[in-house]
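What follows draws every value from the coordinates through simple rules; no lab data is involved. All figures in this text were calculated on a predicted structure; none of them were measured in a lab. Backbone-built Cβ (ideal geometry, glycine too); neighbour counts: all protein chains shown.
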Amino acid sequence: MKDKKIITGLKPTGDLTLGNYIGAIKQMVDMQDKYESYLFIADLHALTVYQDPQELKTRIRKFIAMYIACGIDPSKNIIYIQSKNEYIPAISYLLECSTPYGEASRMIQFKEKSKENASFSVGLLTYPILMAADILYCDCDYVPVGIDQKQHVELARNIAQRFNNKYGYTFNLPKPLLSKEGMKIYDLKNPLKKMSKSEENPVGVISLFDSVDDIVSKIMSSTTDSIGTVKYDQKNQPGISNLLNITSVLTNTDIDSLEKQFANKGYSEFKKYVAEVVSKHIEAIQNKYYEIVNSDYLDEVLSQGAELSKKIAKEKYELIKERMGL
Ligand code: TRP
């Protein structure tokens, strides 16, 4: 019985990598069986910095199709695009009016990002309040987030608590659900650095959109060491350990068995195997992706998700207005 609700927002920026898949997306896929799950593309949140309109449009669709291709199941999740639900920004405004400026401007992400760019937008300041609207409209219990978004979920909780005290019970109080450190996947060229979507040197980063040829050549040319045995040793053999981690997760095999399988074998044979495992896996994801990205099925999923989320948000919006005397 799924009695707790979670909500996840995905900002459609950057690429999606093998690191995201192993570190985060697989965890989300596991959670959909345990919780009533809401999942949306936070496209309004992407707008706090300029986005090329055409590119944003394709990226939103690519993102959602890729998550579904990776195993997010539309029959287990309410999936929608944030900007299709016009009640969310409307709720956000009402919450802004009961959020002290001081509290919003103390958010760490706001402080950091407003320093980076002197002409930052007002949207950067209200960003976490829009996020509070995302979270509070559906009375969710948990919000799975990385550590960088924890403070924003706590702000949402404070906003809800203050509102409830002032106007009477209106919102369930959400809690952050810190994602497990997940398995960290490192850059193939520099295995001391996380595999990151904003990495400028894409030779070490496998994108979920890479061709099989690129995947194979990136893995075959990944950095290893001069020790020469396939062994898990994070300290002395970070490159090999990273490849072992990747292979272990994708094949559901423990590291010990992989070490045995490749005892007395050279790195190149091991890499060939890893390349085959990774490219087969990503190819399967991509096949699914291309099947759905331009399909009516995806339109249908998104339109059902939008309808449902709008229905819930409208009710909450009316209640908030009522409580506030509108
Ligand atoms: N701010 C989140 C991020 O940058 C994305 C997000 C927007 C979100 N609204 C949300 C996450 C609501 C969880 C719940 O990753």
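Positive end of the dipole of segment 125-223, charges at C-beta (+1 Lys, Arg; -1 Asp, Glu), about the Cα centre: which of Ser211, Ala160, Ser179 has its Cα farthest in that direction?
So the residue furthest toward the plus end is Ala160.
Per 0.36 nm of contour for each residue apart, how much would the distance between Ile227 and Met1 grow if the chain were fully extended, relative to their Cα-Cα spacing? Don't skip to the answer; put the middle values down first.
Working: separation 226, 0.36 × 226 = 81.36 nm, distance 5.09 nm.
The Ile227-Met1 span can extend by a further 76.3 nm.
Quick one: which residues, 5+ away or cross-chain, put their amide H under 5 Å from the amide H of Lys175? H built at 1.01 Å from N.
Residues meeting the amide H criterion: Tyr142, Val143.
Under 5 Å between amide hydrogens, which residues at least 5 positions from Thr224 or on another chain qualify, with H placed 1.01 Å from N in the peptide plane?
Here nothing satisfies the definition.
With contacts defined as alpha carbon pairs under 8 Å and 6 or more residues apart, what's the relative contact order of segment 196-303 in percent?
Dividing the mean separation by the residue count of segment 196-303 yields 26 percent.
Would you list which aspartates and glutamates come within 13 Å of Lys231, measuring only between C-alpha atoms, while excluding same-chain residues fewer than 8 positions from it?
Those aspartates and glutamates meeting the cut-off are Asp254, Asp256, Glu259.
What dipole magnitude, in Debye to the nearest 20, does segment 133-250 give about its Cα centre under +1 on Lys/Arg Cβ and -1 on Asp/Glu Cβ?
Result for segment 133-250 is approximately 460 debye, rounded to the nearest 20.
What percent antiparallel are the DSSP beta bridges of the chain, to the nearest 5?
15
Treat the chain as a sphere of radius equal to its Kirkwood radius over Cα pairs and apply Stokes-Einstein at 25 °C in a medium of 0.890 mPa s; give the translational diffusion coefficient in µm²/s, rounded to a whole number.
Rounded to a whole number, D works out at 114 µm²/s.
Pop out the ³J(HN,Hα) list for segment 86-91 in order, Karplus 6.51 cos²θ - 1.76 cosθ + 1.60 with θ = phi - 60°, rounded to Hz; leave Gly and Pro as x.
Rounded to whole hertz, the list is 6, 6, 5, x, 5, 5.
Given a Förster radius of 25 Å and the C-beta distance between Glu86 and Leu326 as r, what FRET efficiency does 1/(1 + (r/R0)^6) yield to the nearest 0.05?
Taking R0 as 25 Å, the efficiency between Glu86 and Leu326 is 0.90.
Name the residues of segment 134-160 whose amide N is less than 13 Å from a point 7 angstrom out from the Cα of Glu103 along the C-beta direction?
152-160
Which aspartates and glutamates have a Cα less than 16 Å from the Cα of Lys150, not counting those fewer than 8 places away in the same chain?
Answer for Lys150, where 16 Å is the Cα cut-off: Glu103, Glu112, Asp134, Asp141, Glu181, listed by chain and number.
Given R₀ = 41 Å, FRET efficiency for Tyr50-Lys272 by Cβ-Cβ distance, to 0.05? Spell out each step's value before the answer.
Numbers: r = 43 Å, r/R0 = 1.06.
Working from the Cβ atoms, E equals 0.40.
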